[in-house]
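K.L.:
Please see the structure below; I have some questions.
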Amino acid sequence: MLNTPPLSNLQTRDIESVLHPYTALHKLKSTGTLVIESGKGVYVYDTQGRGYIEGMSGLWCAGLGFGDEELIDAATEQLRSLPYYHLFGAKGTESAIELAEKLKEIAPVPISKVFFTSSGSEANDTQVKLAWYMNNAMGRPNKKKIISRIKAYHGVTIMAASLTGLPYNHIGWDLPVDRVLHTDCPHYYRFGKDGESEAEFVQRLVKSLRDLIEREGPNTIAAMIAEPVMGAGGVIVPPMTYYAAIQEVLDEHNIILIDDEVINGFGRTGNWWGCQSLGMTPKTISAAKQLTAAYSPLGAVMVPEDIYQAYVDHSAAIGTFGHGFTYGGHPLGCALGVKAIEIYQRRDIVGHVRMLSPVFEARMKALNDHPLVGETRYCGLVGGVELVADKKTRRSFDPKQAVGPQLAKILEGHGAILRAVGDTIAFCPPMVITEAELNELFDRFEKALADTE
Ligand code: PLP
């Protein structure tokens, strides 16, 4: 049982006035909140001065850690020269131009244009609107449905939350909206049948996708959206043959593949892009989070030339391209994006992630023997530890027991922050973490796990 100390003045004010996202609101008064005041390197500090290893990079985003002076300088410089301008009506800013060029240079597939948003949800929302706009432009007004997956996470706007495949994003919210379909989750441990090999599992998912497309009618489906490694659904790493196999079906029916790189992008999986680690060849890409190393909000949608030409043709036919956000391509975000990418390149962050992944993998694997651990999953420097009620049968805990969130809370007492996504504890440390810090994070996690038994 957790022993919660009385709430501090700041915690009380926090609970009185802030509506906390993704929080068990009914428990807030007993759990309290953790008010963070500062950060340096991979550590954040609360208002009592207690330090925590931030093992989640905040929300999978602060990949360069906290208090990076180069990023702070880039932000200050940009705010001094131009704190705000927009890109509407053919206006431009140097930082947006530079960032778009950088993204095109590092993109995993040929990209012609970059559309900027303020968040990952807005990027995925934009992806859907652009797919509809494209198909209207191409004279295919009925080709509008979007396929997503059970356990996917694509954000929280009405469309992005509809694409998301998690019950708490739908139940009570009147979602998903029409035109969204969910196909199977490529998680072999959880959804593989007894006696089914991984190859047979992939074939079953491919057949199920094909059946869905045929049932709905290929001419009604515009796109499928997928995160290479699925993040908030439980850090699910699909079998290596999965994407190539489903892409064959999509290509057959002229259904484009939207790659949600919001978590995976910028080195997280040991390559610049998650699609490169998982053998996926996308048509369009969404990015956010590590795009600016989280020093400012920013999202991006990247599209190839043939799709861009469809927008140009449509604009010629119906007028202005009527989409854009006041803060999409904010100069602060773009300047930070340019600097973050420059740092990723100069400090060889991808190389650092690759150097640390064997350590990460070894520490993850070592957890497999623990009686509460059903499966560990990892790719580069992102991973998940799934807790189960019964290791033999893979039976999950009753969600009401909130075993994952409780473990995360116990871990705070040991000076580390990880995130419970259901009963999977997610690990996504800043990519600049050292080997010693990474080992310390796992040591603290093991202590918390021991306290949970
Ligand atoms: N896509 C993925 C894969 C995400 O993990 C997230 C957020 O966690 C989003 C989209 C939504 O991004 P945002 O919270 O910036 O709207």
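The values are calculated or read from the model by the stated rules, or taken from the named source; none is laboratory data. Keep in mind that this is a model prediction, so the values were computed, not measured. Here the Cβ positions follow ideal geometry from the backbone for every residue, glycine too, while neighbour counts run over all protein chains shown.
K.L.:
Evaluate the stretch 274-285: report whether one residue or more is under 27 Å from Phe66 (Cα atoms), assigned to a loop (DSSP other than H, G, I, E, B) and within 16 Å of the ligand (Cβ to nearest atom).
P.N.:
For the stretch 274-285, residues under 27 Å from Phe66 (Cα atoms), assigned to a loop (DSSP other than H, G, I, E, B) and within 16 Å of the ligand (Cβ to nearest atom): absent.
K.L.:
If you don't mind, another one. Which residues, taken from the stretch 146-167, are surrounded by fewer than 22 Cβ atoms within 10 Å (Cβ to Cβ), closer than 21 Å to Gly322 by Cα and away from the ligand (no atom under 11 Å from the Cβ)?
P.N.:
If the condition is that a residue be surrounded by fewer than 22 Cβ atoms within 10 Å (Cβ to Cβ), closer than 21 Å to Gly322 by Cα and away from the ligand (no atom under 11 Å from the Cβ), then Ile158 is the only one that fits.
K.L.:
Would you point out the residue of the stretch 223-263, among those that are more than 19 Å from Ser121 (Cβ to Cβ) and in a strand (DSSP E or B), that is farthest from the ligand (Cβ to nearest atom)?
P.N.:
Of everything passing the filter in the stretch 223-263, Ile256 is farthest from the ligand (Cβ to nearest atom).
Per-residue answers, yes or no, for (1) within 16 Å of the ligand (Cβ to nearest atom); (2) at pLDDT below 95; (3) outside the structural domain of Val421 (by TED's automatic domain parsing):
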| position | (1), (2), (3) |
| --- | --- |
| Gln48 | no, yes, no |
| Trp60 | yes, no, yes |
| Leu64 | no, no, yes |
| Ser81 | no, no, yes |
| Phe88 | no, no, yes |
| Ala96 | no, no, yes |
| Lys113 | no, no, yes |
| Ala123 | yes, no, yes |
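K.L.:
Any residue in the stretch 259-279 that is hydroxyl-bearing (Ser, Thr, Tyr), outside the structural domain of Pro429 (by TED's automatic domain parsing) and crowded, with 24+ Cβ neighbours inside 10 Å?
P.N.:
Among the residues of the stretch 259-279, at least one is hydroxyl-bearing (Ser, Thr, Tyr), outside the structural domain of Pro429 (by TED's automatic domain parsing) and crowded, with 24+ Cβ neighbours inside 10 Å, which makes the answer yes.
K.L.:
Would you mind stating whether Ile341 is farther than 30 Å from Ser396 by Cα, out of contact with any strand residue (DSSP E or B) (no Cβ under 9 Å at 6 or more places or on another chain) and free of Cβ contacts under 8 Å to residues at least 24 places away in the same chain?
P.N.:
Taking the combined requirement at face value, the residue does not satisfy it.
K.L.:
Here's another thing I want to ask about it. Starting from residues that are under 27 Å from Asn9 (Cα atoms) and of a type in the set (Phe, Trp, Tyr), keep the ones in the stretch 23-80 and report whichever is farthest from the chain's Cα centre (by Cα).
P.N.:
The selected residue is Tyr45.
K.L.:
Just to be sure before I move on: is Pro176 touching a Ser or Thr at 6+ places or on another chain (Cβ under 7 Å), part of a loop (DSSP other than H, G, I, E, B) and within 16 Å of the ligand (Cβ to nearest atom) in the structure I sent?
P.N.:
yes
K.L.:
For a quick check of your reading of the model, give me the residue pairs whose first member lies in the stretch 113-124 and is part of a loop (DSSP other than H, G, I, E, B), whose second is modelled with pLDDT of 95 or more and aromatic (Phe, Trp, Tyr), with beta-carbon atoms closer than 6 Å and at least 6 apart or on different chains.
P.N.:
Ser118/Phe325; Ser118/Tyr327
K.L.:
Residues being part of a helix (DSSP H, G or I) and either within 30 Å of Gly351 (Cβ to Cβ) or out of contact with any helix residue (DSSP H, G or I) (no Cβ under 7 Å at 6 or more places or on another chain) (or both): count how many of those fall in the stretch 410-448.
P.N.:
Number of matching residues: 16.
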